[in-house]
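Data first, discussion second: the structure below is written as structure tokens.
Taken together, the values in this text are just the output of simple stated rules run on the coordinates, not laboratory data. Because the structure is a prediction, the values reported are computed rather than measured. Positions of Cβ are generated from backbone atoms using ideal geometry, with glycine treated the same way; all protein chains shown enter the neighbour counts.
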Amino acid sequence: MKKRILFALAATALIGSAQAQTKWDMPTPYSDGEFHTRNVRAFVEDVKKATDGALDINVHSNGSLIKHPDILRAVSTGQVNIAEFLLSQFGNEDPVFEADNIPFLAAGYDDAWKFYQAQKPLLEKKLEGRGLKLSPSFLAPVRRWCRFRTCRSCSRPGASRR
């Protein structure tokens, strides 16, 4: 089963604390009905509640603001403050970005979660070098469901949050 780690990235070098009426644009390459975009929208609602509406994030789905291959550059250069995309597609820039895509490396969610936890410090270091911060991550197999605490749109019976 192929596992993918998806990332929401926030640029920390150019971001201060959220001020009243702060608005951010958040590109995602996935369509509105996709698992990924539903999770992004749930995340955005959580941020809005946590900041009492002081930070308003406008989701631009389906690559409508920035196309998938350009999202990492856009968030790295500060064109956008936050983004969601499949980091492994940038493995040509750094092999650690696609390490989780090695077939049969992790057999199931528990092993995938352990691998992610082991890989996370290196990912954070690599992203920090680009002025980025690793934000909530989701393990999402091809079937489009997950079982981690940040995922709130799971409809699979028995899926649990960590």
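According to the square roots a ≥ b ≥ c of the eigenvalues of the Cα gyration tensor, what is the shape class of the stretch 5-139, taking rounded for a/c under 1.5, prolate for a/b larger than b/c otherwise, and oblate for the remainder?
prolate
For SER135, the amide hydrogen comes within under 5 Å of the amide hydrogens of ALA8, ALA10, counting only partners 5 or more places away or on other chains and with H modelled in the peptide plane. Other residues with beta-carbon under 12 Å from the beta-carbon of LYS23 carry, at +1 per Lys or Arg and -1 per Asp or Glu, a net charge of -1. Checking the Cα-Cα distances for LYS67/LYS125; LYS49/LYS114; LYS48/LYS114; LYS23/LYS114; LYS67/LYS114 against a 29 Å cut-off, the pairs over it are LYS49/LYS114; LYS48/LYS114; LYS23/LYS114; LYS67/LYS114. Each residue, PHE90 and ALA118, gets one label point 7 Å from its Cα in the Cβ direction; the gap between the two is 2.4 nm.
How would HIS68, HIS36 line up from fewest to most surrounding beta-carbon atoms within 10 angstrom?
Values: HIS68 14, HIS36 22.
With the sparsest Cβ surroundings first, the list reads HIS68, HIS36.
Positive contributions from Lys and Arg (+1) and negative ones from Asp and Glu (-1), summed over other residues with Cβ under 15 Å from the Cβ of LEU127, come out at -1.
Between HIS60 and ASP110, what length in nm is gained on full extension when 0.36 nm per residue of separation is reduced by their alpha carbon distance? Each step should come with its number before you reach the end.
Details: separation 50, 0.36 × 50 = 18.00 nm, distance 3.21 nm.
Gain on stretching HIS60 to ASP110: 14.8 nm.
Which ordering of SER31, SER61, SER135 is given by a fewest-first count of other beta-carbon atoms within 10 Å?
Ascending number of Cβ neighbours within 10 Å: SER31, SER135, SER61.
Taking every DSSP beta bridge that has both ends in the stretch 5-139, the antiparallel portion is near 65%.
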